[in-house]
Structures are given as structure tokens and as C-alpha cells.
1. Out of all the residues in region 224-267, which are among the hydroxyl-bearing types (Ser, Thr, Tyr) and touching a residue at least 40 places away in the same chain (Cβ under 8 Å)?
2. Yes or no: region 253-271 includes at least one residue that is in contact with a Cys (Cβ under 6 Å, 6 or more places away or on another chain) and either basic (Lys, Arg) or closer than 19 Å to ASP311 by Cα (or both).
3. Going by what's in this entry, would VAL63 be described as without any contact (Cβ under 8 Å) to a residue 60 or more places away in the chain and either of a type outside the set (Asp, Glu) or in a loop (DSSP other than H, G, I, E, B) (or both)?
4. Can you tell me which residue in region 294-317 is surrounded by the most Cβ atoms within 10 Å (Cβ to Cβ), limited to those that are of a type in the set (Asp, Glu) and in contact with a helix residue (DSSP H, G or I) (Cβ under 7 Å, 6 or more places away or on another chain)?
5. Is it the case that MET39 is in contact with a Ser or Thr (Cβ under 9 Å, 6 or more places away or on another chain) and not in a strand (DSSP E or B)?
6. Which number in (1) over 18 Å from ASP129 (Cα atoms); (2) at pLDDT below 90 marks the one condition that THR46 misses?
7. Of the residues LYS74, LYS54, LYS101, which single one is farther than 12 Å from ALA125 by Cβ, at pLDDT 85 or above and of a type in the set (Lys, Arg)?
8. If you take the residues in region 1-36 that are of a type in the set (A, V, I, L, M, F, W, C) and not in a strand (DSSP E or B), which one is surrounded by the fewest Cβ atoms within 10 Å (Cβ to Cβ)?
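The values are calculated or read from the model by the stated rules, or taken from the named source; none is laboratory data. All figures in this text were calculated on a predicted structure; none of them were measured in a lab. When we count neighbours, we look across all protein chains shown, and the Cβ atoms used for this are built from the backbone with ideal geometry, even at glycine.
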Amino acid sequence: MPVAEELKAKMAEADAKGLRLCKVSIEGKPPKLVLADTMVAGDSFTADWDEMLKSKELLLEDVGCFLLIRLFDKQGTVPGASEEDWVVLSWTPEAVPVRQKMLYTASCKTLKDSFESLRWKEMKATDRDDVSLKEIMQKARVLHRGLTKEERHEVMSHQEILLEEVKEDFAKAATNAPKMMAGMVALQIKALASFDEAMEKLAQQKGKVAVVAKLEGAKREEVSGELLSDAGRPSQLKGRLPTNEPCYVILQPDERRLVLISWLPEDVPAKIKMTASTFKRSVVQMLEQRLPEGGKLRKVEVTEEDDLTDDILDEPVQEEAAAEAAAAPAPKKAFKPPVGGFALPGLGPPRG
């Protein structure tokens, strides 16, 4: 998604202008990341944070946004923080429409990558209670290297610790696994017979059934499949998906499209969620291999039944498609000599 030049310019002068915060919104057609508001920094990060929370304009109850927050202050409130240390707070309250939430989730990395000279720590919030100075201070500390593992864990959330453990487990597995050719995925899951059979029936009964795929085995490196009848639309999945474990739901609206719903219910332990998210790439690869040439795979993450709406089956919203088109390189135009000009012998286009 494009980033507005005004936002880039404002972030570039944030230190010189003494900015504490830039609010970023997604606006326009095609959608673009734009500067919505700014806040000048005071001498104290803590005082600025309190002022931010008092504002009724920064965090609206029905509109998502990003808050880019500079951690440095003259008093050294955040130990070791420099002008390059920032936090990006993704604000997507419950009242925000699902499609808008998806746009904000998908564009967070783009936003951070647009300012490569800065160091980022990411936070997410859906309620004002999630936005606390204690959490932001804890997250800020792990930006800096040199801490022992025990010291890092003291200031990390439970979910961050679990994510680190999952990454370590996969790193060990990759080290001990047989060497593979370049370009191949070292941690590829294996499709069980039940998965292949369910996918064949999905292709035969497209639009009427769904495949529920689950990770199986001691290391959860196998994927099974179960066919759900009368479940061709996301709304028909309500009350039929597990509440205590994640899974992948695959729908086929037509010949050329597949939809992958990653079902990650809130009550599932974070470590299990991380495993499902890690193996999602392998599931995507298996599904892409089943698509016809030019076919499309849509990927959606859902954590609660209220978000199982039939518009998930729709083609990406016009704004998303337009943003992708805007980001694509423009086709090269054929050479056309200026008025009154002519091509020299041997340098013009071939004649038919």
C-alpha cells in the first residue's frame, strides 16, 4: 500500500521538529497510508503519554489507525532509547469493520519498512485498557541488545516468550534436518490421506462443503482433513468449528478460487497458535499447487464466530485491488518518435 509523501516528510523531520507522535490513517481510493495528526514532544515521555490517552481524537471507538510513537526524551524516561527508537501501535477496536481491520493488519509491515532507518517495536490494541504505559515501557526495553535471556523474559509478555520458544524449536529442527536444495522449504508438513480425499470431494462439491484441516502427529507436522457438509459459506461454519484448537478451513466458491480461513480462537494457548501460524505457509503452498493456472487463493484469519461472514468469499475489495495495481510497475510504452522525427535506418521497429 502506498505511503503518502506528506507522512514520509513529517517522519523524516520528527527529530528536528520535536515530534512525539504521528497518527496514520488509511484513506482514499486507492487506499493510501496518510498523515492524520501529530503531537509535539515535551520533556517527559510519561507526561506526553498521559496527554495522548486524554485526547479523544487520537483513538476513536469506531475507526482504526496507527500511532507512531517516538520513545526518546531528554529525561531518559525509556532507558537507552535513542531518536531512532519508535513504537507502532495498531489500533483496531471491535467496532471497526472486518475489511478495515484486514487492511490495517496487512499494511503494518509496509509502514515500518518505509522507515528503514528507525527501530520499531509493535503493539496491538482493540480497547483503551490494552494501551498502558507499563506495557510500552516493557516492550521498549527489548529493543536493545545485550540483555540475557532471563532479563529479556522479565520484560516480555507471555505471548512473546512463547513465540521465541517456538522459533527456537523450529531453528533446532531445521539444524538437525537433512540438507535440502535451495528454494525448498525445510519444515514442510505432510498431507495425510484424509486431507487429499477431503480436497477431492471439495472440488467435486464446490460451494456446498468445506474442508477442516488440522495439524496432527507428535510434532504436528502432518495435516488431516475432514469434510463438512452444508458448509459452503463462512456463515454456515458458526458453531461447527473447534473452540479449543486452531484449524484451517478451506472453501472453494468456484473453479478458479480457493479460500483459506485460519481459525485461531481466542482461548487457544499462544504456543499452539504460533505453531499453526508457522505451518500456514506450507498449507498455502499445497493449496496453490491445486489451483488452475491463473487461479486465486484468498487468505483470511478469524478469531471469533462473529467474523465468519459471507463477504469473506468476495473478491478483494476494490481498494485492495487498486492498491496492488498502483504498486505494480507501469507497462513499458512502445517508442514513438516525436512530431517531425523519424527513425534512422536499422534503428526503427521491425517491419512486418
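1. Pass one, region 224-267, residues among the hydroxyl-bearing types (Ser, Thr, Tyr): 224, 229, 235, 243, 248, 262.
Across region 224-267, the qualifying residues are SER235, SER262.
2. The initial filter retains those residues of region 253-271 that are in contact with a Cys (Cβ under 6 Å, 6 or more places away or on another chain), namely 263.
Filter once more, keeping what is either basic (Lys, Arg) or closer than 19 Å to ASP311 by Cα (or both): 263.
Yes, region 253-271 contains at least one residue that is in contact with a Cys (Cβ under 6 Å, 6 or more places away or on another chain) and either basic (Lys, Arg) or closer than 19 Å to ASP311 by Cα (or both).
3. Values: without any contact (Cβ under 8 Å) to a residue 60 or more places away in the chain: yes; either of a type outside the set (Asp, Glu) or in a loop (DSSP other than H, G, I, E, B) (or both): yes.
Judged against the criteria, VAL63 is a match.
4. Initial filter on region 294-317 (of a type in the set (Asp, Glu)): 301, 304-307, 310-311, 314-315.
In the following step, the residues that additionally are in contact with a helix residue (DSSP H, G or I) (Cβ under 7 Å, 6 or more places away or on another chain) were identified as 307, 310.
Numbers: ASP307: 15, ASP310: 11.
Ranking the candidates gives ASP307 first.
5. Values: in contact with a Ser or Thr (Cβ under 9 Å, 6 or more places away or on another chain): yes; not in a strand (DSSP E or B): no.
For MET39, the condition - in contact with a Ser or Thr (Cβ under 9 Å, 6 or more places away or on another chain) and not in a strand (DSSP E or B) - is not met.
6. Among (1) over 18 Å from ASP129 (Cα atoms); (2) at pLDDT below 90, the lone unmet condition for THR46 is (1).
7. Working: LYS74 fails: at pLDDT 85 or above; LYS54 fails: at pLDDT 85 or above.
Going through LYS74, LYS54, LYS101 in turn, just one is farther than 12 Å from ALA125 by Cβ, at pLDDT 85 or above and of a type in the set (Lys, Arg): LYS101.
8. Let us first name the residues in region 1-36 that are of a type in the set (A, V, I, L, M, F, W, C), namely 1, 3-4, 7, 9, 11-12, 14, 16, 19, 21-22, 24, 26, 33-36.
From the residues that got through so far, the ones that are not in a strand (DSSP E or B) too are 1, 4, 7, 9, 11-12, 14, 16.
On the way: MET1: 19, ALA4: 16, LEU7: 22, ALA9: 10, MET11: 23, ALA12: 12, ALA14: 21, ALA16: 8.
So the residue we want is ALA16.
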